[in-house]
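All remarks here apply to the structure that follows.
The values are calculated or read from the model by the stated rules, or taken from the named source; none is laboratory data. Just so you know, these numbers come straight off a predicted model, no measurement behind them. Glycine also receives a Cβ, built like all others from the backbone with ideal geometry; neighbour counts cover every protein chain displayed. These accessible areas exclude ligands, DNA and RNA; they are computed on the full protein's heavy atoms, side chains included. Shrake-Rupley method; radii C 1.70, N 1.55, O 1.52, S 1.80 Å.
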Protein chains: 2
Amino acid sequence: MVAEELSVEKLVEQFEQLPGIGPKSAERIAFHILERMSAESVASMADIIRAAKEKIVFCPVCQNLTAETPCRICASDRRDRSVICVVESPEDVKAIENTNEYNGMYHVLHGALSPADGISPEDIKIKELIERLAGGEVTEVIMATNPTVNGTATAVYISRLISPMGVKVTRIAHGVPVGSGLEYADKITLIKALEGRQVI
Amino acid sequence: MVAEELSVEKLVEQFEQLPGIGPKSAERIAFHILERMSAESVASMADIIRAAKEKIVFCPVCQNLTAETPCRICASDRRDRSVICVVESPEDVKAIENTNEYNGMYHVLHGALSPADGISPEDIKIKELIERLAGGEVTEVIMATNPTVNGTATAVYISRLISPMGVKVTRIAHGVPVGSGLEYADKITLIKALEGRQVI
């Protein structure tokens, strides 16, 4: 299949198509594979890439990427099934899990609404979220989409859909990052921080 | 082979082991593959990585990486066989070829002498270079190793081996910024460096 035209350039191209890898880095990676890695490591890398793409799918419940269905979080009996935290991407689930402070469920939208890019409600996993609420087990949905224009619009859109169902919808707080100086915060963040102030 | 323990993390690890890719970038690449690339593109990428490692070998003449033996440059009847340009890596051949100003042959050492890292003459392709000079066809060897301490030491070492054989040994001019790698030099600098070579 790749017999005739196989070349170093062809290998370089494979890495150039990945995000964050420019032509120079792609070349460096290709030469690293050809000059320094063992044949076994490279074969195993190729196997894992192929198998991962074949076997890792969207969890039928939360839509996160997983090799087991349902995913480990959805299958766990130690998580609080009354709360769903809605995020844009699998990276966001990982970031929140890393805090070790959240014990509820997740829902991955795989994007945010963006009229400019032609991304409408049917293009992200909103329908699947609504279906999960039908059982009546869920009492709170935490909107943890990104604090960007699109992320906020998505949070507002979903909140309007869900609220009539009698489920409480909350939004994660936006403010000055802990450990950072007030002077480095941008205007909008400071306004949000002031608006969201709490009694201490 | 990768059945049981397949996971997103396993895929992330594959990219983390490549040069210039940190944990965050590796994660971004893995999610890009799983969320955005088609199954066909991923399968083809895996095939090309595997096939490239299997089929791309060192040219028996110049030691450059190639899918054909001998490589295209060594097989060409339009190149000047009386001159050999000695470089550290395949990237360097590419950089010099891109100038379109050099029409001789190459020899890739795959490294430079480095007593600190335990790299001695037997660890790089010096013996293979000496063997190429035995035919008497070569009249000049251009040392284009990097202008670093190790690259310069390698040039001097090889020059002392070759000079007694009656072959002229030259060094590319220090138009290449000292302390930097050959692969980062721009075209003009590389042309100047080739033009300004001196007998060593």
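The single condition among (1) open to solvent by 20 Å² or more (accessible area, probe 1.4 Å); (2) of a type in the set (A, V, I, L, M, F, W, C); (3) more than 7 Å from chain A (Cβ to nearest Cβ) that B:Cys62 does not meet is (1).
Conditions tested, residue by residue: (1) under 29 Å from the mean Cα position of the chain (by Cα); (2) in contact (Cβ under 8 Å) with a residue 12 or more places away in the chain; (3) within 8 Å of another protein chain (Cβ to nearest Cβ); (4) surrounded by 14 or more Cβ atoms within 10 Å (Cβ to Cβ).
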position	(1), (2), (3), (4)
A:Val8	no, yes, yes, yes
A:Ile29	yes, yes, yes, yes
A:Ala46	yes, no, yes, yes
A:Arg50	yes, no, yes, yes
A:Ile56	yes, no, yes, yes
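Here's the yes/no breakdown for (1) under 17 Å from A:Val156 (Cβ atoms); (2) without any contact (Cβ under 8 Å) to a residue 12 or more places away in the chain; (3) open to solvent by less than 40 Å² (accessible area, probe 1.4 Å):
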position	(1), (2), (3)
A:Asp92	no, no, yes
A:Ala95	no, yes, no
A:Thr99	no, yes, no
A:Asn103	no, no, no
A:Leu109	yes, no, yes
A:Ala112	yes, no, yes
A:Ala116	yes, yes, no
A:Glu122	no, yes, no
A:Ile126	yes, no, yes
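Highlighted here are the helices (runs of 4 or more DSSP H) found entirely within segment A:1-120 that include at least 2 residues which are at pLDDT 95 or above: A:8-16, A:23-31, A:39-55, A:72-75.
If I filter segment B:35-44 down to residues being among the hydrophobic types (A, V, I, L, M, F, W, C) and either assigned by TED's automatic domain parsing to the domain that holds B:Met105 or open to solvent by 10 Å² or more (accessible area, probe 1.4 Å) (or both), which single residue comes out as farthest from A:Ala51 (Cα to Cα)? Checked segment B:35-44; the qualifying residue farthest from A:Ala51 (Cα to Cα) is B:Met37. The residue that is surrounded by the most Cβ atoms within 10 Å (Cβ to Cβ), counting only those in segment A:147-181 that are hydroxyl-bearing (Ser, Thr, Tyr) and more than 26 Å from A:Asp117 (Cβ to Cβ), is A:Thr170. Here A:Glu68 fulfils each of the conditions (1) crowded, with 16+ Cβ neighbours inside 10 Å; (2) more than 21 Å from B:Gln17 (Cβ to Cβ); (3) in the same structural domain as A:His110 (by TED's automatic domain parsing); (4) not β-branched (Val, Ile, Thr) apart from (1).
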